[in-house]
Amino acid sequence: MPAPKKLKETDAIFAHLKEVHEQAAAQPQTLRLSLDSKATVLIGPFARGGHSRTGTRAVDHDFKADGALTPFGIFRPDTSESALFFTDSKVTSDFMADCLEQWIGERAESLKEVRRLVLDLDNGPENSGQRSQWLLRAVRLAQKYGWVVVLAYYPPYHSKYNPIERLWGILENY
C-alpha cells in the first residue's frame with residue numbers, strides 16, 4: 001500500500017491545528033465541533049450472505065435498493081456528543097450549514113455563553129475554504145450568534161485525523 005501523499009505544508013498545517021485546538025480547550029467560551037459527510041449508503045434488506053450480526057433477516061443478494069441516503073455528522077470532541085443527519089440528495093454547503101444551525105438551535109440555551117466556534121473540517125468540495133456558499137453561510141452564522149467562527153482544515157489526504165472519523169469508525173463496525 002503506498003504511503004499517503006504529503007504536501008510540504010502538512011507539518012505546518014498540523015502545528016497550526018494543534019495551536020487552534022489548544023486555544024479552544026483553554027477557553028470555556030469556545031465550542032469546537034468536527035463536521036464531515038460520508039459516502040452514500042444504499043437502503044434495503046442487505047446483509048452478508050443473508051446473515052447479520054443482530055439476527056435480522058436479509059436477502060442473500062443485493063437486489064435493487066429501496067433508496068439511498070448520504071450521512072452527515074457533527075461531533076463534539078470535548079464531550080463526544082454526536083448527531084447524524086441524512087439527505088437523499090448530494091450533500092451541499094447549504095445542507096451542512098442547515099444541519100449545523102439546527103444542531104446549534106436545539107442547544108441554544110446550553111450554548112448561550114459561547115463566543116467562538118471552531119469547526120474541524122476536511123476541505124471537501126462542499127465545505128472548502130474556497131467554496132463561496134459555505135463561506136457565506138459561515139459568515140451568516142457568525143453574524144446571527146455574534147460569534148467568531150474559525151474554520152480549521154486538516155491537510156489534504158489527512159482527513160482521517162478529523163475527530164468525527166471516530167464516529168464513522170464506530171458506525172462502520174456496527
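Can you tell me how the stretch 111-172 classifies by the Cα gyration tensor, rounded, prolate or oblate, using a/c under 1.5 as the rounded cut? Note, shape of the stretch 111-172 comes out oblate. Amide H contacts under 5 Å for R107: none, restricted to partners 5 or more places along the chain or on a different chain, H placed in the peptide plane at 1.01 Å from N.
Do the alpha carbons of any pairs in K38/K64; K90/K160; K64/K90; K18/K160; K18/K144; K38/K144 sit beyond 23 Å of each other, and which pairs? Violating the 23 Å limit, Cα to Cα: K18/K144; K38/K144.
For Y154, the accessible area of its heavy atoms, probed at 1.4 Å with every protein chain present, is near 10 square angstrom.
Other residues within the sphere of radius under 15 Å centred on the Cβ of I104, judged by their own Cβ, net out at +3 (K and R +1, D and E -1). Once the Cα-Cα distance is subtracted from the 0.36 nm per residue extended length, the L135 to S80 segment shows a gain of 17.2 nm. Among rounded, prolate and oblate, which fits the stretch 75-155 when a ≥ b ≥ c are the square roots of the eigenvalues of its C-alpha gyration tensor, a/c under 1.5 means rounded, and a/b larger than b/c means prolate? Rounded.
The values are calculated or read from the model by the stated rules, or taken from the named source; none is laboratory data. Predicted model only: the values in this text are computed from it and were never measured. Positions of Cβ are backbone-derived with ideal geometry, glycine not excepted, and every protein chain shown enters the neighbour counts. For accessibility, only protein heavy atoms count, side chains too; no ligands or nucleic acids. Shrake-Rupley method; radii C 1.70, N 1.55, O 1.52, S 1.80 Å.
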